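Undergrad: Have a look at the structure that comes next, please.
The values are calculated or read from the model by the stated rules, or taken from the named source; none is laboratory data. Just so we're clear, the structure is a prediction, and the values are computed from it rather than from any experiment. Every residue, glycine among them, receives a Cβ derived from its backbone with ideal geometry; neighbour counts consider all protein chains shown.
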Amino acid sequence: MKLFTRRPGRRPTPKVAKRLGIVGGVMISALVLMAVFAPLLAPYDPTERVGAPFQPPSAEHWLGTNDVGQDLLSELIYGARVSLTVGIVAAIVALILGTTVGVLAGYYPKRLGKVLMQSVDVILILPFLPLLIVLAAYLGRSLLNTIVVIGVLIWAGPSRVIRSQVLSLRSREYVLASRTMGAPDRWAIVRHVLPRTALLATGTFVRAVSTAILLEAALSFLGLGDPLQKSWGSILFWAQSRGAFLTPAWKWWVLPPGLMIMIASLGFALVAFAMEERINPRL
Amino acid sequence: MRRIGLKNLDRYLLVFVVAVSLNFLLPRLMPGNPLALIAGVDVGLMTPDERAEIITAVGLDEPLLTQFIDYWKAVLTFDLGFSYKSGRPIVEMITERLPWTLLITVGSLMVSAVIGIVLGGWSAWRRGKKTDLSMLTGMISLQSLPSFWLGMLLISVFAVQLGWFPSFGAETPASSYEGMARVGDILEHAILPIVTLTVLSIPGVYMTMRYSMLEVLGSDFIRTARAKGASERRVLFGHVARNAIAPVVTFLAIRFAFAFGGSVIIETVFSYPGLGRLIFEAVSGRDYPVMQAAFLVFTVAVIVANLVADLLYPVLDPRMRVE
């Protein structure tokens, strides 16, 4: 990978990438606001039975009601909370794991690095979705387990990217100088290597959030998410198991949650794209 | 230079060992009763005698190392045991399901390869132009599309509202179709799952092809080709596309592995009786032996796909050929 063949800043981020990044940022901000102010925005408590089941949209229930008479719009608004929480926290787990492994493997490329990269390769080759499901099945259904399962499976790709950058950083003059002057490895890593991987790590982090949001939705859709949480994936799980997509109800029961998942994942993906263009222009 | 195909063999072996070990260790390391996680049946409802019987059958009373060795023996002799739910041999269940998954994954891969390569090549050729940018944006959006949602929408619109395609299964149940009629019936059922998987695979192929093309476009031999007066057509098809295709084919092999795993979700949406649906049924019915066996089959499929990619690369890219 050709990282920093051009120094960042020398070539301005292409306008298109910047614009896409802004669009992504707006999407994320809107969702965060929705998640934070969910109790104010939602017309009903999403866990209460507030109407007759299987109602089409009406003045009281804009998106109708589900199979037990809960308000679908309220479910949709509260769903942003689970989606964003799982997405961001799982990505933080992945960021910590990926950066640690990436920096260690890049800074000690001989023995430790080889072993670490070998395990990264194994994780990357293992069948991803089946492994995710097997792990989720054994761990049991809770929000924390969803986060853990996603976090421990998506760090491997980012760690490889970070490693290749650290590999090139460790032979730079200032790192060599600090080592020659007797600074411990820890100092060189914390003072010189980590700050220079920060931008790259942030980029992979944002990309990881986008992935994690999709994975959370998929797990919830398969019925492997937290049964007590209202997430967009679980709305679709019930729509599927109650056959809503075989009736006209798909327009208000199936369409909106999927759109929300897509907006959330896309928002982060666009920001990640803009950041990657800045680091490693490929447009 | 060593042969590419064999270079990674030890890695694939390691992947297999890790997969088998995960299968063995996960149920035994999890908190709670390992018996419940291995047998998957309701242990609480069993009499102590039945429980003891299963414990001896699985070997849970043996030392861990003995269990591990026995487990390996079973895996290597394809003795995958029986489903606790249906009582059928697992090998039989898997061989019955595998062809369906292969049908939709291979089918979708071929379609997405053609579309992805054409669009990716076109996009790179028009780099920075409006076509390129809007296609790129579109592909980024497609990557954020939840697969199961797309499948559900396709069913709602094309199967239910328009009635063009069946909404579930791989064949019309209890039909007496023979020969071509049966093939037609199977295709009709496979179309929507294939379309879903195709839409999901296109962005990856497109991105790989586009970046690969851009790299080739910037290389010296393209400048030479232009300098010697080759027509744009000749540059595109004779020089650029030919050299850009190798990474794409490698990617396709890996993408196959990914699509294979993605079948879990697609087959669940379409109630398609493949391997992915099998692992989902096993998980929701807590039929753990079936789940483990299916996971191993997925692992082997991924390894095979990677091997094929390694072997194909030197064939397609003369620069990688062994001296």
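Undergrad: Keeping to the stretch B:290-314, report how many residues are more than 11 Å from the chain's Cα centre (by Cα) and aromatic (Phe, Trp, Tyr).
TA: 2
Undergrad: Quick one: A:GLY233 ticks every box in (1) more than 24 Å from B:GLN292 (Cα to Cα); (2) more than 14 Å from every other protein chain (Cβ to nearest Cβ); (3) crowded, with 22+ Cβ neighbours inside 10 Å except a single one, so which number is it?
TA: Every condition holds for A:GLY233 apart from (2).
Undergrad: Looking at A:PRO130, is it within 11 Å of chain B (Cβ to nearest Cβ), buried (at least 17 other Cβ atoms within 10 Å of the Cβ) and under 20 Å from the mean Cα position of the chain (by Cα)?
TA: It is true that A:PRO130 is within 11 Å of chain B (Cβ to nearest Cβ), buried (at least 17 other Cβ atoms within 10 Å of the Cβ) and under 20 Å from the mean Cα position of the chain (by Cα).
Undergrad: Which condition from (1) within 11 Å of chain A (Cβ to nearest Cβ); (2) touching a residue at least 60 places away in the same chain (Cβ under 8 Å); (3) surrounded by fewer than 18 Cβ atoms within 10 Å (Cβ to Cβ) is the one that B:SER284 breaks?
TA: It is condition (2) that B:SER284 fails.
Undergrad: Now for a different question. Take B:THR224 and decide whether it is assigned to a loop (DSSP other than H, G, I, E, B) and surrounded by fewer than 16 Cβ atoms within 10 Å (Cβ to Cβ).
TA: Judged against the criteria, B:THR224 is not a match.
Undergrad: Kindly indicate whether B:PHE78 is within 23 Å of the chain's Cα centre (by Cα) and modelled with pLDDT under 80.
TA: Spelling it out, B:PHE78 is indeed within 23 Å of the chain's Cα centre (by Cα) and modelled with pLDDT under 80.
Undergrad: Does at least one position in the stretch A:31-49 carry a residue that is outside any loop (DSSP other than H, G, I, E, B) and within 16 Å of A:TRP238 (Cα to Cα)?
TA: Scanning the stretch A:31-49 turns up no residue that is outside any loop (DSSP other than H, G, I, E, B) and within 16 Å of A:TRP238 (Cα to Cα).
Undergrad: Determine, yes or no, whether B:SER167 is out of contact with any strand residue (DSSP E or B) (no Cβ under 8 Å at 6 or more places or on another chain), outside any helix (DSSP H, G or I), within 14 Å of chain A (Cβ to nearest Cβ) and under 25 Å from A:LEU215 (Cα atoms).
TA: In short, yes.
Undergrad: Could you check the stretch B:113-150 and list, in sequence order, the residues that are outside any helix (DSSP H, G or I) and aliphatic (A, V, I, L, M)?
TA: B:LEU145
Undergrad: May I ask you to say which residue of B:LEU187, B:LEU197, B:LEU214 is assigned to a helix (DSSP H, G or I) and over 29 Å from B:LEU133 (Cβ atoms)?
TA: Numbers: B:LEU197 fails: over 29 Å from B:LEU133 (Cβ atoms); B:LEU214 fails: over 29 Å from B:LEU133 (Cβ atoms).
Result: B:LEU187 is the single residue among B:LEU187, B:LEU197, B:LEU214 that is assigned to a helix (DSSP H, G or I) and over 29 Å from B:LEU133 (Cβ atoms).
Undergrad: Can you tell me how many residues in the stretch A:110-144 are touching a residue at least 60 places away in the same chain (Cβ under 8 Å) and of a type outside the set (Gly, Ala, Ser)?
TA: Taking the stretch A:110-144 and keeping what is touching a residue at least 60 places away in the same chain (Cβ under 8 Å), we get A:129, A:132-133, A:136-137, A:141-143.
Going one step further and asking which of them are of a type outside the set (Gly, Ala, Ser), we end up with A:129, A:132-133, A:141, A:143.
Qualifying residue count for the region: 5.
Undergrad: Please find, among A:ASP185, A:ASP226, the residue that is more than 30 Å from B:MET291 (Cα to Cα), surrounded by fewer than 22 Cβ atoms within 10 Å (Cβ to Cβ) and among the acidic types (Asp, Glu).
TA: A:ASP185
Undergrad: Quick one: which residue in B:ALA227, B:ALA241 is within 19 Å of B:LEU312 (Cα to Cα) and over 21 Å from the mean Cα position of the chain (by Cα)?
TA: Every option except B:ALA241 fails the conditions.
Undergrad: If you take the residues of the stretch A:236-283 that are hydroxyl-bearing (Ser, Thr, Tyr) and facing another protein chain (nearest Cβ under 9 Å), which of them is nearest to B:GLY138 (Cα to Cα)?
TA: Applying the filter and picking the extreme gives A:SER265.
Every residue, every condition in (1) in contact with a strand residue (DSSP E or B) (Cβ under 8 Å, 6 or more places away or on another chain); (2) surrounded by 16 or more Cβ atoms within 10 Å (Cβ to Cβ); (3) modelled with pLDDT of 75 or more, yes or no:
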position	(1), (2), (3)
B:ALA52	no, no, yes
B:ILE55	no, yes, no
B:ASP61	no, no, no
B:LEU65	no, no, yes
B:TYR71	no, yes, yes
B:ILE90	yes, yes, yes
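Undergrad: Specify the residue that is surrounded by the most Cβ atoms within 10 Å (Cβ to Cβ); the eligible residues are those in the stretch B:241-269 that are more than 8 Å from every other protein chain (Cβ to nearest Cβ), closer than 15 Å to B:THR198 by Cα and in contact with a Ser or Thr (Cβ under 9 Å, 6 or more places away or on another chain).
TA: Restricting attention to the stretch B:241-269, the residues satisfying the condition of being more than 8 Å from every other protein chain (Cβ to nearest Cβ) are B:241-256, B:259, B:263, B:266-267.
From the residues that got through so far, the ones that are closer than 15 Å to B:THR198 by Cα too are B:251-256, B:259, B:263, B:266-267.
Remaining after also requiring in contact with a Ser or Thr (Cβ under 9 Å, 6 or more places away or on another chain): B:251-252, B:255-256, B:259, B:263, B:266-267.
On the way: B:PHE251: 20, B:LEU252: 25, B:ARG255: 25, B:PHE256: 24, B:ALA259: 25, B:SER263: 32, B:ILE266: 27, B:GLU267: 27.
Here the residue is B:SER263.
Undergrad: Looking at (1) within 11 Å of another protein chain (Cβ to nearest Cβ); (2) buried (at least 20 other Cβ atoms within 10 Å of the Cβ), which is the one condition that is false for B:VAL300?
TA: It is condition (2) that B:VAL300 fails.
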